[in-house]
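First up is the structure itself, then whatever we jot down about it.
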Amino acid sequence: MKKNTWNILLIGILFISFSCGPKKDDSKDVAENQNEEKFDDTNLEKDTEFAVNAADGGLYEVQLGQLAQTNGSSEQVKKFGQSMIDDHGKANEELKTKAQQKNISIPSALSEKKQKKYDDLLIVQMERY
């Protein structure tokens, strides 16, 4: 009887852990999945992969620029942060336009990897104060 109880308990725990786990789709993953459905051509696949990675990097650079502008201790750092926002924001808009013309989906939010890097920077910054 005890053996059956443990088996049932174990099966229940496994079922709950698999069915209730986080199912968060990363914006970058969503964009990549949408692109895979659209394109079978190898060259187009490389283009879409580049566009998705470039968009992710561009979004990251804009957020870093905002962080530098907001929390920079010197005027030079704040100006550099603003130039990152301006330059990468413009590049992001150009990439978005080109991607739309080619029917390529790009992420609208940071990938989990880039978000973690950004969050780590925030933690370090908060520890300094």
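Of the residues screened, VAL62 is one that is surrounded by 15 or more Cβ atoms within 10 Å (Cβ to Cβ), touching a residue at least 24 places away in the same chain (Cβ under 8 Å), under 30 Å from MET126 (Cβ atoms) and not polar (S, T, N, Q). No other residue among GLU94, GLU49 is modelled with pLDDT of 95 or more and assigned to a helix (DSSP H, G or I) apart from GLU94.
One line per residue, one yes/no per condition, for (1) under 19 Å from the mean Cα position of the chain (by Cα); (2) more than 14 Å from ALA31 (Cβ to Cβ):
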{"site": "GLY57", "(1), (2)": "yes, no"}
{"site": "GLN63", "(1), (2)": "yes, yes"}
{"site": "GLU75", "(1), (2)": "no, yes"}
{"site": "LYS78", "(1), (2)": "no, yes"}
{"site": "ASN92", "(1), (2)": "yes, no"}
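Matching residues to (1) under 15 Å from VAL52 (Cβ atoms); (2) surrounded by fewer than 13 Cβ atoms within 10 Å (Cβ to Cβ):
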site: SER73; (1), (2): no, yes
site: GLY81; (1), (2): no, no
site: ASP87; (1), (2): no, no
site: ALA99; (1), (2): yes, no
site: PRO107; (1), (2): yes, no
site: LEU110; (1), (2): yes, no
site: LYS116; (1), (2): no, yes
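Remark: pairs (first residue in the range 108-125, within 16 Å of ASP56 (Cβ to Cβ); second residue modelled with pLDDT under 90 and among the polar types (S, T, N, Q); Cβ separation under 8 Å; 6+ apart in sequence or on different chains) = SER108/SER27; ALA109/SER27; LEU110/SER27; SER111/SER27. A search for C-beta distances below 6 Å between a residue of the range 72-89 that is in contact (Cβ under 8 Å) with a residue 24 or more places away in the chain and any residue that is surrounded by 13 or more Cβ atoms within 10 Å (Cβ to Cβ), counting only pairs 6+ apart in sequence or on different chains, returns HIS88/GLY58; HIS88/GLU61; HIS88/VAL62; GLY89/VAL62. For the range 102-117, which residues satisfy the criterion of being of a type in the set (S, T, N, Q) and assigned to a loop (DSSP other than H, G, I, E, B)? Once the filter is applied, which keeps residues that are of a type in the set (S, T, N, Q) and assigned to a loop (DSSP other than H, G, I, E, B), the range 102-117 yields ASN103, SER105, SER108, SER111.
The values are calculated or read from the model by the stated rules, or taken from the named source; none is laboratory data. Since this is a predicted model, take the numbers as computed values, not measurements. Cβ sites come from the backbone with ideal geometry, for glycine too, and all protein chains shown count toward neighbours.
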